[in-house]
Every structure is written in C-alpha cells, then in structure tokens.
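The values are calculated or read from the model by the stated rules, or taken from the named source; none is laboratory data. It should be emphasised that the depicted structure is a prediction, and the values quoted were computed from it without experimental measurement. For neighbour counting, all protein chains shown are included, and Cβ atoms are generated from backbone atoms with ideal geometry for every residue, glycine included. The protein model used for the area step is the full one, side chains on, heavy atoms only, and it has no ligands, DNA or RNA in it. Shrake-Rupley method; radii C 1.70, N 1.55, O 1.52, S 1.80 Å.
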Amino acid sequence: MNSTILAETGAITSFAFRFFRHGFRPRYEVQELLYQCYVIGYQSLPLVGVTGFIMGIVLTLQSRPTMAQFGAESWIPTMVGLTIVREMGPIITALIFAGKIGSSIGAELGSMRVTEQIDAMEVAGTNPFKYLVVTRVLATTLMLPVLTLLADAIALYAAYVGINLKGVTTLALFTNNIISTLNFGDVVPAVIKTFFFGFAIGIIGCYKGYYANKGTEGVGRAANSAVVVSSLVIFLLDLLAVQITSVLGLN
C-alpha cells in the first residue's frame, strides 16, 4: 500500500516536472489555452457562484445564535468575513472546482487515450502533451484564483443578506466592518495558495486521464481518482500554507 502511494506520488511529480520542462517552450497553443480558460473558468462560474452564496448565508445564520448568546452580534460581519476570505472561500471553491473540472479533465483525456486519439495526434506531428496537458494545467492555475475571488465576493454579499434576514444593517456598515478587519496577511496568502490548488487539480486530472487504460472502465477510474487525489492534495497544501503563514507571522 505504502509503495503504491509512493510510486503514484513519484509519477505525478515526474509528470509535473515534465510540464515545467516542456510547457513554456514554443510552440505555444494560445488559442487552445483561451478556450480552456473559457470552459474551465467561465462555465464553472454558475456552480461556484451558487456554492458561494449558500456558504455565505448558511455561515451567517449558523453563527448568529452563538454570537447572540454572548451579545456579540455586531461581530458577525468580521467573523464571517475572516472565515470566508482566509479559509472557507478558497477551500470550498477548490473542492467544487476539483469535483467539476478534475473529473472532467480526467474523463476527457482518458477517453482520448483509450480511443487512441492521443496516439493519432503524435502520428500527425502534434505534441499532445503541450496541446492537451499544458493548456489545461495553465487554465486551472489561472482560473481558480479568479473564481475564488468571485466566490468570496458572492459569499460576503450572501452574508449581508443573511444578517438582514433577522436584523437590519446597511451594506456600507457591513462592508466597512469587513474591510477594517482584513489585512495583508489575510488576503494575499489566501489568494496565492489558490494558484497551487489550481495547479494541483490540473496536473492530477491530466495525469490520471493521460495515462488511463483498460477501456471505458479506465476512463471512469481516471475521473474518480482525479477528484479523490486532488481533494486530498488540496487539504495537504492548505495545511502547508497555514504552517508557512504562521512561520512568517502572517496569521
């Protein structure tokens, strides 16, 4: 079991190094990259937006009774803002992204592998690694931070709606409470780690699909394992990010 995990980790790491060796050399597949940004980023926005809205309003409604017991209802915007921006927004968005995009990439490349489309691209003189893998990994790396920022904004607005369901506050006061509390150590590390989340999701999804085998069964396994492994790596990267920010004194 341990040897299997180590072998898989080594294979994914080697795949990532291959991305860095070949990903930034000509020929650049700019058109395919833009298309993947559209598919991966723009088409994921509705799901991410709905998830962010639900996250913001539920977090607010769940925290109100506890805060009310201590007479600290005025601190709800601050608490919700910090929770969403620092942890909940990046993590929940990355997990939703891994479920939607990681499985999609794994299934798409897996089906191309088992139907020998990737082999056909090599015969035709097209570099399938640059065309299929590099564009998707770059798209996931670039789009997840954008989606996270949008999800944070939607979740904070949902929190404002949640507060007004059982109370009254103005949007200006709610916004000022959050902005006055957030600082460099809250926002920047939270955004930076989403680049690593997106890169991990792209690399793992592409790896699982690119080396899929055993026909349609392999395609399903590639899609499933891409989500599972990506989700685990997201939590590990988040743990590492917390330790690094703690050492740097940004917490």
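Considering the range 158-187, the residues that are under 12 Å from THR60 (Cα atoms) and open to solvent by 30 Å² or more (accessible area, probe 1.4 Å) include one that is modelled with the lowest pLDDT, namely LYS166. Selection of the range 7-33 for residues being exposed (fewer than 12 other Cβ atoms within 10 Å of the Cβ), at pLDDT 90 or above and more than 19 Å from VAL233 (Cβ to Cβ) yields only GLN31. When only residues in the range 212-251 that are touching a Leu at 6+ places or on another chain (Cβ under 9 Å) and hydroxyl-bearing (Ser, Thr, Tyr) count, which is nearest to GLY102 (Cα to Cα)? The selected residue is SER230.
Please specify each residue of the range 39-56 satisfying the condition of being open to solvent by less than 30 Å² (accessible area, probe 1.4 Å) and either over 24 Å from VAL133 (Cα atoms) or outside any helix (DSSP H, G or I) (or both). Answer for the range 39-56, where residues must be open to solvent by less than 30 Å² (accessible area, probe 1.4 Å) and either over 24 Å from VAL133 (Cα atoms) or outside any helix (DSSP H, G or I) (or both): GLY41, GLY49, GLY52, MET55, GLY56. Scanning the range 214-239 for residues that are charged (D, E, K, R) and closer than 19 Å to LEU95 by Cα, we see that the one that is surrounded by the most Cβ atoms within 10 Å (Cβ to Cβ) is ASP238.
Just give me the residues in the range 105-138 being among the β-branched types (Val, Ile, Thr), in contact with a Ser or Thr (Cβ under 9 Å, 6 or more places away or on another chain) and either open to solvent by less than 30 Å² (accessible area, probe 1.4 Å) or at pLDDT 90 or above (or both), in sequence order. Break it down into steps so the answer makes sense when it comes.
Filtering the range 105-138 down to residues among the β-branched types (Val, Ile, Thr) leaves 105, 114-115, 118, 123, 126, 133-135, 137.
From what is left, the residues that are in contact with a Ser or Thr (Cβ under 9 Å, 6 or more places away or on another chain) are 105, 114.
Passing the criteria: only ILE105.
Only a single item in (1) part of a helix (DSSP H, G or I); (2) out of contact with any Gly (no Cβ under 9 Å at 6 or more places or on another chain); (3) surrounded by fewer than 17 Cβ atoms within 10 Å (Cβ to Cβ) is not met by GLN36, and it is number (3).
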